[in-house]
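The structure appears right after this line, and notes come after that.
The values are calculated or read from the model by the stated rules, or taken from the named source; none is laboratory data. Being a predicted model, the structure only gives us computed values, none of them experimental. Every residue, glycine among them, receives a Cβ derived from its backbone with ideal geometry; neighbour counts consider all protein chains shown. Accessible surface is based on the protein model in full, side chains and every heavy atom, while ligands, DNA and RNA are left aside. Shrake-Rupley method; radii C 1.70, N 1.55, O 1.52, S 1.80 Å.
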Amino acid sequence: ELESVLAAGADRVVVATGSRPARPWWAPGDAEWIVDVRDVLEGRVQPSGSVLVLDEIGFHHATSVAELLADRGCGVEVITPGMVVGQDLGVTLDMEGWWIRAGAKGIVQTTELVPMGVEDHTVSFQHHPTGSMTERSADWMVLAVPSEPAEELYLGLLAAGVAVERIGDCVAPRRAHAAVVDGERVGAAL
């Protein structure tokens, strides 16, 4: 990929390579029952039984996959370190609809818990306002957590001395409007 961009001989390059799922520090890489929300939504895994969904993004990622899994017959609990599951759904006026659908589907919502470790199929959480510890066991855990920039092409071009800019999730994982703003800024500067 780097070689083909270098071979094109462009005067300037704008890189928009996106991001990729990131594994939190507390989730061992060999725990195959802990998966990213993209794995579920893109059909690479089919969780069944009891499922914990971790909402660290606060938007449709966790709530959508929770509804999908509940519709498939899973017992679902969405856990967030925030004060509300899907906290940013209020921005799009989707919060009330989520609450109604979650209640009808039996989705449990638990707030103010921070994951601290995993052993077998049990996750330890700390209730951050009080410091008390609690555990949850499940067949699966789905992570809706911040991703990491896919920045290898950008860094390679930079190291090769190419005039390069990056936009969107290649800078830092954000929402789509940020990529549009980045693109407008870079385009105007060209």
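Residue 131 satisfies every condition listed in (1) loosely packed, with under 13 Cβ neighbours inside 10 Å; (2) modelled with pLDDT under 95 except (2). Quickly run through the range 1-49 and pick out the residues that are open to solvent by less than 50 Å² (accessible area, probe 1.4 Å), out of contact with any Gly (no Cβ under 8 Å at 6 or more places or on another chain) and of a type in the set (Phe, Trp, Tyr). If the condition is that a residue be open to solvent by less than 50 Å² (accessible area, probe 1.4 Å), out of contact with any Gly (no Cβ under 8 Å at 6 or more places or on another chain) and of a type in the set (Phe, Trp, Tyr), then 33 is the only one that fits. Considered as a group, the residues in the range 160-190 that are assigned to a loop (DSSP other than H, G, I, E, B) and either touching a residue at least 60 places away in the same chain (Cβ under 8 Å) or among the basic types (Lys, Arg) (or both) include one that is most open to solvent (accessible area, probe 1.4 Å), and that residue is 190.
Just to verify a result, which residue in the range 137-154, among those that are touching a strand residue (DSSP E or B) at 6+ places or on another chain (Cβ under 9 Å) and open to solvent by 60 Å² or more (accessible area, probe 1.4 Å), is farthest from residue 116 (Cα to Cα)? Per the criteria, the residue is 148. Which members of the range 1-58 meet the condition of being within 30 Å of residue 187 (Cα to Cα) and β-branched (Val, Ile, Thr)? Those that are within 30 Å of residue 187 (Cα to Cα) and β-branched (Val, Ile, Thr): 5, 13, 14, 15, 17, 57. Looking across 69, 89, one residue alone is without any contact (Cβ under 8 Å) to a residue 60 or more places away in the chain and more than 17 Å from residue 24 (Cα to Cα). It is 89. Among residues of the range 1-29 that are more than 16 Å from residue 183 (Cβ to Cβ), those with a beta-carbon under 8 Å from a residue that is among the small types (Gly, Ala, Ser) and open to solvent by 70 Å² or more (accessible area, probe 1.4 Å) at least six positions away or on a different chain give the pairs 23/29. The number of residues in the range 75-114 being out of contact with any Leu (no Cβ under 7 Å at 6 or more places or on another chain) and part of a loop (DSSP other than H, G, I, E, B) comes to 14. Looking at (1) more than 16 Å from residue 127 (Cβ to Cβ); (2) without any contact (Cβ under 8 Å) to a residue 40 or more places away in the chain; (3) surrounded by fewer than 20 Cβ atoms within 10 Å (Cβ to Cβ), find the lone condition where residue 102 falls short. Unmet for residue 102, out of (1) more than 16 Å from residue 127 (Cβ to Cβ); (2) without any contact (Cβ under 8 Å) to a residue 40 or more places away in the chain; (3) surrounded by fewer than 20 Cβ atoms within 10 Å (Cβ to Cβ): (3). On the stretch given as the range 58-72, residues that are assigned to a loop (DSSP other than H, G, I, E, B) and touching a Gly at 6+ places or on another chain (Cβ under 9 Å) total 2.
Residue 157 falls short on exactly one of the conditions (1) open to solvent by 30 Å² or more (accessible area, probe 1.4 Å); (2) in a helix (DSSP H, G or I); (3) of a type outside the set (Val, Ile, Thr), and that condition is (1).
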